[in-house]
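Read through the structure below, which is laid out as structure tokens, and then see the notes.
The values are calculated or read from the model by the stated rules, or taken from the named source; none is laboratory data. What you see is a predicted model; the values in this text were computed from it and never measured. Here the Cβ positions follow ideal geometry from the backbone for every residue, glycine too, while neighbour counts run over all protein chains shown. Surface areas here come from the heavy atoms of the whole protein model, side chains and all, with no ligands, DNA or RNA. Shrake-Rupley method; radii C 1.70, N 1.55, O 1.52, S 1.80 Å.
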Amino acid sequence: MYAAVEQGPVLCSDSNILCLSWKGRVPKSEKEKPVCRRRYYEEGWLATGNGRGVVGVTFTSSHCRRDRNTPQRINFNLRGHNSEVVLVRWNEPYQKLATCDADGGIFVWIQYEGRWSVELVNDRGAQVSDFTWSHDGTQALISYRDGFVLVGSVSGQRHWSSEINLESQITCGIWTPDDQQVLFGTADGQVIVMDCHGRMLAHVLLHESDGILSMSWNYPAFLVEDSSESDTDSDDYSPPQDGPAAYPIPVQNIKPLLTVSFTSGDISLMNNYDDLSPTVIRSGLKEVVAQWCTQGDLLAVAGMERQTQLGDLPNGPLLKSAMVKFYNVRGEHIFTLDTLVQRPIISICWGHRDSRLLMASGPALYVVRVEHRVSSLQLLCQQAIASALREDKDVSKLTLPPRLCSYLSTAFIPTIKPPIPDPNNMRDFVSYPSAGNERLHCTMKRTEDDPEVGGPCYTLYLEYLGGLVPILKGRRISKLRPEFVIMDPRTDGKSDEIYGNSLISTVIDSCNCSDSSDIELSDDWAAKKSPKISQASKSPKLPRINIEARKSPKLSRAAQEMSRSPRLPMRKPSIGSPSLTRREFPFEDITQHNYLAQVTSNIWGTKFKIVGLAAFLPTNLGAVIYKTSLLHLQPRQMTIYLPEVRKISMDYVNLPVFNPNVFSEDEDDLPGDAVWKD
């Protein structure tokens, strides 16, 4: 066999990833019948639980075709836990997700019509040691550290519960392959056996000095049917109402092995809990995490390298790294994967027909590509060349036939969709649309409000792997008008959080923007008056348009009326860039402060315009018009005007930067492309 860490940037969340669970994606058109195993395992969903109490559900794919359609939304951040999430468990037959936090709270999530909601909640107030679904998905086994165990149905009904009086804590609990018995492991090396009705059957001591970390069988997690027919892609799956669906996981005709992991790093392979001569695997690792693949023929054991004496190298102290060892059903060592990870591996899980092994270490997530057969020379050459190259675009520089270049490029296709934005190309990521049709869901937070440095600051985060990745930052620059300046979040170069391969700042402490006075603006829109705000107009072609020379007759009439009005004071004409004439926000410092765009508005806050400030962006980035009726008797309307933004040639980069002017107070002179009513 062969295993290698997937090429590409390191996938990271904003907090430590504590648990993993993967399930395949079931096509909606095939939910009532067995589906093809090969197609079923090409796509799936990865559930992660992190230290901030957020559960991430992220789309994964193992096929090497870039033109394959993906779901419109490929990442969900499920919030509801009040403490760190320590367990996530998929129920594939019923398409449910169980999550447990450190305070003992248990949530069962279900997806319906593209939305996730909490179906069941259980909070006993004690820490949960393990949560396991039965192989048919109809029952759940919950074990607590204080000795309380519970078995309930998938719909939330309690079947039975029991209090086990022990001197030590329960560390894990599993079902037998026939779902007729349950096994519990303790911290003092004991195994407690109970039947499916809660009666005590046996109490066995496996190890006197080592505690049990986990137990598992080399058996499929769920019993399902299989089909050799091909299926078709479709939208998100809707759960059946009358029972579980069929899922294609192969069942081996071999006697299952009970695998027990101990705190010392040893692993016992037993025919049953009372096996007197088990096969013992001396892994030589500490903080061991072990899991069988779906086929049941390969055991992955991950842990930190154990060294008896740590010496000092000439260049510094000797560092330990995490590694993954693979064993067969006879306990024979097959392959060792050395990694550069310096932190312990907290959780692992198999996915995509056992062709991927997902590992969580701190806030980072690693994807290992596994080849179960004897690796071919072509595969070894692909991995050697891919490790020498930095990016996928470097493949085209090689003098190779097109077919080999295409095969080499598959090594750079990520399993986790979408890949994390490259910190070095963040501006391209936020400025230009992506190639696919997926939706990127974001969260905005108010990160600071310091009167000494300016108005309130807001950061836009991309939801990713249960965490938040900062992509844009905005600061209010006016006290009277809702006007903002949008900038790069990496303004000050601080390093507070892990982002990609480096640490970047998510909270900017200072910005040379002030809200001491209102911004003087004037209108620059010369659109024709539209009798209806919902009437869309054709989008103009926007390379870079100079609108200063265009004068609106309506603007001149509005200016005359303002001069005659006793309530509105006469504003002094501004020189240069009216909106950027303050000393704290000089127009010459746009490049220095990484300003990307500015949002200007009228005095009523009903009309907004987005103006590009960076040289690589067009001047006109869009507009928003908000209209409401008196006393809210009619539905509110929002018109959004967004021109298509593409990468411009170098001929437009050297053009003078557009000076934004004030809006007209009339809302009907800017038609848009879309209208939403609420």
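Tabulated data
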| item | result |
| --- | --- |
| Strands (runs of 3 or more DSSP E) contained entirely in region 58-157, each with at least 2 residues that are open to solvent by less than 40 Å² (accessible area, probe 1.4 Å) | 75-79, 85-91, 96-101, 105-112, 128-133, 139-144, 148-153 |
| Flag for ARG373 being open to solvent by 10 Å² or more (accessible area, probe 1.4 Å), among the basic types (Lys, Arg) and outside any strand (DSSP E or B) | yes |
| Selected residue (criterion: modelled with the highest pLDDT) from residues of region 435-460 that are in a strand (DSSP E or B) and open to solvent by less than 20 Å² (accessible area, probe 1.4 Å) | THR459 |
| Selection count, region 168-177, where residues are within 13 Å of ARG145 (Cβ to Cβ) and either assigned to a loop (DSSP other than H, G, I, E, B) or not assigned by the TED database to the domain that holds SER134 (or both) | 2 |
| Subset of region 264-280 (residues that are surrounded by 14 or more Cβ atoms within 10 Å (Cβ to Cβ) and assigned to a loop (DSSP other than H, G, I, E, B)) | SER264, GLY265, ASN271, ASN272, TYR273, ASP275, PRO278 |
| Residue pairs meeting the criteria (Cβ under 6 Å; at least 6 apart or on separate chains; first over 15 Å from LEU440 (Cα atoms) and modelled with pLDDT of 80 or more, in region 418-430; second basic (Lys, Arg) and outside any loop (DSSP other than H, G, I, E, B)) | none |
